[in-house]
1. Filter the range 107-138 down to residues that are part of a loop (DSSP other than H, G, I, E, B) and of a type in the set (Gly, Ala, Ser), then give me how many there are.
2. Scan the range 267-290 for residues that are of a type in the set (S, T, N, Q) and either farther than 27 Å from residue 213 by Cβ or touching a Cys at 6+ places or on another chain (Cβ under 9 Å) (or both) and report the count.
3. One residue is enough: does the range 236-259 have a residue meeting the conditions assigned to a loop (DSSP other than H, G, I, E, B) and of a type in the set (Asp, Glu)?
4. Considering only the range 262-284, state which residues are without any contact (Cβ under 8 Å) to a residue 40 or more places away in the chain and either under 19 Å from residue 200 (Cβ atoms) or small (Gly, Ala, Ser) (or both).
5. Out of the residues in the range 303-351 that are small (Gly, Ala, Ser), outside any loop (DSSP other than H, G, I, E, B) and touching a residue at least 24 places away in the same chain (Cβ under 8 Å), which is surrounded by the fewest Cβ atoms within 10 Å (Cβ to Cβ)?
6. Being in a loop (DSSP other than H, G, I, E, B) and surrounded by fewer than 23 Cβ atoms within 10 Å (Cβ to Cβ) is the filter; apply it to the range 141-156 and report the residue that is modelled with the highest pLDDT.
7. Just name the residue that is farthest from residue 156 (Cα to Cα) out of those in the range 374-416 that are part of a loop (DSSP other than H, G, I, E, B) and of a type in the set (Ser, Thr, Tyr).
8. Restrict the check to the range 269-278 and report whether at least one residue is part of a helix (DSSP H, G or I), surrounded by 15 or more Cβ atoms within 10 Å (Cβ to Cβ), at negative phi and touching a strand residue (DSSP E or B) at 6+ places or on another chain (Cβ under 8 Å).
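The values are calculated or read from the model by the stated rules, or taken from the named source; none is laboratory data. Owing to the predicted nature of the structure, the values given are computational and were not obtained by experimental measurement. Here the Cβ is made from the backbone with ideal geometry for all residues, glycine too, and neighbour counts use every protein chain on show.
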Amino acid sequence: MKKNDNALQKQGRTARGSVRFGLCGLSLALLTALAAAPAVQAQEPGVTPTAIRVGSVLDLEGESKMRGRAIKAGLETALKNEKVQGHAIEYLALNDSFNPKTAVEATQQLVDQGAFAMLGNTGGPSVKAALPLLAENKIPAVGFPIGVDFLRNGKGDIINLRASFAQEAALVLDAALNSGVKPQEICAYLPNDAGGISNLKALAKILAKQPNMADTVSKLEQIIAMPGEEPNRNGVGPVGFFTRHTQMQARPGYDSLKQWEKTANTRCKLVMTVGGTNLPLANFISYSRYKGETWPVSVTSQVEVTTFKDDLKKNRVLDRIVLTQAVPALDSSLPIVEEARKALGDRFDSSSLEGYMVGKMFVTILRNVKGEITRASFLDAARGRSFDLGGLPLDFTNDNQGSDFVQLLALEDGAFKPKTSQQLQQLFKK
């Protein structure tokens, strides 16, 4: 896994076509009239003489609604009053309540309305369910604020802003291993859904590079290969699973990890959560502390930080939690952060900042379009290019992900504080 300051490998091309029109058997008078009439071109979906219509499908009412609403607020604020080639940006957000079936229905609604692009869709399972529909209709998927691998496989018209969950997890894992934690002491707690399995695949790839991990990786591969949408994956390897929409049921996943400790004669020196929403993760952490465990737990950037921190505090969890973020610190002096902080006011947090950055990235790419604005010209304006997003470099020269930025934080006395990798190592030595 490369470091933050490395450029990602990037690729992508767009083919263009032309349409020929033939005229035959027309009278001289009709030919003359046609010659005098203005040329008529097929209208690009989502582009009108005055506007470019874009949409989002987010969780605005379900278990991750706080993050969905913050992403929406950031997007709305970033796109407000923007104009490109005389076109205003019209934005419509639809709710899916973190339900893949509803996400597909909402996506179809936006397709039928001729959305030019989709921006900032949330929820791994929802996004995975809707991606085939977007690909079928050649609708660009721009800046979805999740780090799952299936958005980074080079397929479809996908433009990612942020670093992947795998990059986030790798930084934490490196710190743990460098502190003396053994690979066999790395455990995980994941949602039992498409997003969770995608993230488990990423973890398995990372752990497979460590020595003496063949048996453990084999267990992980056994879990990944289980058929069906939500089979019982607990009790097999160093992973505990929870079922989506069952936020309070932390015990099955906890018991799975305790069973692994007994079977493998080891201890979980780090429990990695990759994906998942606030309540399931906060409840698992709180339940494990209630049971007397002091496992360090890492959490990736899908959580809404303020609510997550408050949920932990209610259960007197004040330390030994690692958080990774794919956006700069809220007190950063980068122009894009200062701009978002001023524009969003009391709605400014890490999630709304990411939504704001996605919106500004979309406008930046649009302004790079030469000539007519089409989906193909939009993608051409991004692929193979580099941008400066208010001080944050975006590089699409070799793949579909612009930023590799990841920030490490640790919970201390109820507050998340920035840490270097060396500082984080001290947490795992306690």
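1. 4
2. Total meeting the criteria: 4.
3. So far as the range 236-259 goes, no, none of its residues is assigned to a loop (DSSP other than H, G, I, E, B) and of a type in the set (Asp, Glu).
4. Once the filter is applied, which keeps residues that are without any contact (Cβ under 8 Å) to a residue 40 or more places away in the chain and either under 19 Å from residue 200 (Cβ atoms) or small (Gly, Ala, Ser) (or both), the range 262-284 yields 263, 282.
5. Only one residue tops the list, namely 343.
6. The residue in question is 152.
7. Ranking the qualifying residues of the range 374-416, first place goes to 403.
8. no
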